[in-house]
Amino acid sequence: MNITEFHSITDQLFNNIELFLDNYADEHDCDIDYETHGNVITVTFPNNSKIIVNTQEPLLQIWLATRKQGYHFDYVNNQWLCNRTGLSFDKIFAEAVTEQAIS
């Protein structure tokens, strides 16, 4: 993957994250704030916990920091997979949002 492809793929991921958060907040009647600044999305929950997603362009990775742990994702077979667990970004992100939104 080249840098142009990386930016295109990560732009789509960031759009999907924003859509997911908007839908989650509506469906669960909870207040989730998020801000996007360049290559970083910061999600803030009512309990003041945060999730941070950012791109790591030199490594062609996505990094995710949750209250419990940090994750690094590589783009493999058209999806972002954790380089330690093999789990998808979508699964780990959704679980972290649910956990941090309800506690």
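Only the coordinates and a few stated rules stand behind these numbers; no lab work does. If you're wondering where the values come from, they're calculated on a predicted model, not measured in any experiment. Positions of Cβ are generated from backbone atoms using ideal geometry, with glycine treated the same way; all protein chains shown enter the neighbour counts.
For this structure, a couple of remarks:
- Recomputing P(r) over Cα pairs in 5 Å bins from 0, in percent from the coordinates shown identifies the correct label among (i) 2, 13, 25, 26, 18, 10, 4, 1; (ii) 2, 12, 17, 16, 13, 11, 9, 6, 5, 3, 2, 2, 1, 1, 0; (iii) 2, 12, 21, 20, 14, 10, 8, 6, 4, 2, 1 as (i).
- Rounded to the nearest 10 degrees, the inclination of helix 89-102 to the longest alpha-carbon principal axis of the chain is 20 degrees.
- Cβ-to-Cβ counts within 10 Å put E57, E27 in ascending order as E27, E57, the fewest first.
- Helix-only arithmetic for the chain: the sum of -39500 (n - 2.57) across DSSP H runs with n ≥ 4, divided by the residue total, places the mean residue ellipticity at 222 nm at -13500 deg cm²/dmol.
- Most mobile listed residue (Q61, Q12, Q69) in the chain, GNM with C-alpha springs under 10 Å: Q69
- For the chain, the longest principal axis of the alpha carbon atoms and the long axis of helix 3-28 meet at an angle near 20°.
- Most fluctuating residue given options L87, L64, L13, as computed from a GNM of the chain linking Cα atoms under 10 Å: L87
- Distance from the range 6-34 to the range 44-88 (C-alpha centre basis), Å: 14 Å
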